[in-house]
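Some notes on the structure that comes next.
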Amino acid sequence: MPVNFPIDKFHFRSNSVLEGLPAEELEYLESKFIPHKYKRGQNIFVEGTFPNGIYYLNKGKVKKYKADQEGKQQIIYVCNEGELFGYPALLCGESYPDSAAALEESFVSFLPQKDFFTLLDHSPELSRKLLVNLSHEFGVLINSIAAFAHKSVRERLALSLLILKDKYKIKGQENTPVEIVLPREDLANIIGVALETLVRLLHSFKDEGLIETEGRKIRILNLKGLVKVANFY
C-alpha cells in the first residue's frame, strides 16, 4: 500500500507459518492435505463444533464470522489465499469460537488432526511459527476491536475498504486498480451496519471521488483520501 497505513496490524499473516519450513516437512503436508471445493456461502466449519483438523486456503476468500440467534452475521476476518485457519481451536482443544464460510468459490485443503499433530511433534520450527502467529493474531483482534469500537460508521467503512483492498490485490499487478468483489450484505456485516446504511455511505464515497462501483465491484480511486476518512495518518 503506497501510503502510510499500518495494514499489517489488521492481517493475521498465517501465510507465514509454512514459509521457510524444511522441504521434507512441506512435502509431508502436501501428501496429507485433502482438497475440497466450496461454493459461495457454503460453511467450512460452524461455531460450537469441535475441530478435527486445520485448513489451508489455496484459492478464493473465506470469511470468519459470529452469528446471533436471528442469524445476523458479524464478519470478524477475511482469509486470503495462502492462509491457514481453524488451528487455534484445535491447539487448545476447544470448540470453534466462530464459523467459516466461502465468500466466493474457494478451494481449501484440509489437514486431519492426526497428521497435523504428527508434524507438530517433530517440527520445532512449525511450533515456533505457530506461537509467533497466534501472538500476532491476538494483537490483530485487539487492534480491530479498538478501531471499530471508537470509530464512526463512515470511518469503519473506509478502514474496511483499505483492508479489503490489500486482500484483493493481485500479485505482479501492483499498477492495476484493485477490484473488491464482495456482496453488499457481507460488506455491511464487516462494518456492522444495516444494508441501507451501507448503500447510502457508498453513494457518499462515490460522490466524493473516493471510490467507483460496478455491480458488486468496488474500486478505490483516492487511497490517501480514504486513509484520511479512516482517520489513519
- Check whether at least one residue in the stretch 139-151 is charged (D, E, K, R) and closer than 26 Å to E208 by Cβ, and report yes or no. yes
- Query: Does F116 satisfy the condition of being touching a Gly at 6+ places or on another chain (Cβ under 9 Å), crowded, with 19+ Cβ neighbours inside 10 Å and modelled with pLDDT of 95 or more?
  - Reply: yes
- Task: Can you tell me which residue within the stretch 64-97, out of those that are assigned to a strand (DSSP E or B) and of a type in the set (A, V, I, L, M, F, W, C), is farthest from L119 (Cα to Cα)?
- Result: A67
- Is there a residue being touching a helix residue (DSSP H, G or I) at 6+ places or on another chain (Cβ under 6 Å) and either in the same structural domain as P183 (by TED's automatic domain parsing) or modelled with pLDDT of 95 or more (or both) anywhere in the stretch 81-93? no
- over 17 Å from E137 (Cβ atoms), among the polar types (S, T, N, Q) and touching a Lys or Arg at 6+ places or on another chain (Cβ under 7 Å): does that describe Q42? no
- Which one of K224, K206, K228 is assigned to a helix (DSSP H, G or I) and touching a Ser or Thr at 6+ places or on another chain (Cβ under 7 Å)? K206
- Task: Within the stretch 98-126, count every residue that is charged (D, E, K, R) and assigned to a helix (DSSP H, G or I).
- Result: 4
- Which numbered condition L195 misses (of (1) closer than 26 Å to G86 by Cα; (2) outside the structural domain of E83 (by TED's automatic domain parsing)): (1)
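The values are calculated or read from the model by the stated rules, or taken from the named source; none is laboratory data. Keep in mind that this is a model prediction, so the values were computed, not measured. We place every Cβ from the backbone using ideal geometry, glycine too, and count neighbours over all the protein chains shown.
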